[in-house]
Amino acid sequence: MRIDIVSKDTSQKGFRVIPKRWVVERFFAWLGNFRRFSKDFELSHINSEQLIIIASIMMLLNRLF
């Protein structure tokens with residue numbers, strides 16, 4: 001997996017859209033619709049990861065039907 005870290009330009013003044021960051025923020029906002037993700041109750045990161053995958057599948061199925 002490749003991760004690109006996008007930082008703010010030092011000469012930037014005001015608001016400007018940072019590429020690819022809005023995709024991640026939008027995904028986290030969609031996960032906020034699931035009640036289970038309002039708090040982090042999981043004991044291991046593996047459980048959290050699996051629940052995020054299940055939530056992603058549910059979102060995709062809702063788009064299809």
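The values are calculated or read from the model by the stated rules, or taken from the named source; none is laboratory data. Remember, it's a predicted structure, so these values are computed and weren't measured experimentally. Cβ placement follows ideal geometry from the backbone for every residue including glycine, while neighbour counts extend to all protein chains displayed. Areas reflect the complete protein model, heavy atoms only, side chains present, ligands, DNA and RNA absent. Shrake-Rupley method; radii C 1.70, N 1.55, O 1.52, S 1.80 Å.
Structural remarks
- The chain: angle of helix 21-31 to the longest principal axis, Cα-based, in degrees nearest 10: 20 degrees
- If you plug the beta carbon distance of S11 and E49 into 1/(1 + (r/R0)^6) with R0 = 22 Å, you get a FRET efficiency near 0.05.
- Residue by residue, region 7-15 carries 3J(HN,Hα) couplings of 10, 6, 5, 5, 8, 6, 10, x, 8 Hz when phi is fed to the Karplus relation 6.51 cos²θ - 1.76 cosθ + 1.60 (θ = phi - 60°); x denotes Gly or Pro.
- Extension gain for S56-E42 works out to 3.3 nm (0.36 nm per residue, less the C-alpha to C-alpha distance).
- Angle in degrees between helix 45-64 and the longest Cα principal axis of the chain, rounded to the nearest 10: 90 degrees
- Per residue, in Å², the accessible surface of the chain once ligands and nucleic acids are set aside, probe 1.4 Å: 100 Å²
- Eigen-decomposition of the gyration tensor built on the alpha-carbon atoms of the chain gives equivalent ellipsoid semi-axes of 28, 16, 12 angstrom, largest listed first.
- Size of electric dipole in the chain: Cβ of Lys, Arg +1 and of Asp, Glu -1, about Cα centre, debye, nearest 20: 300 debye
- When the solvent-accessible area of the chain is split by element, carbon and sulfur atoms take up 61 percent of it, the probe being 1.4 Å.
- Neighbour cut-off at most 15 other Cβ (10 Å), DSSP loop, GluC sites (Glu not before Pro), region 1-52: E42
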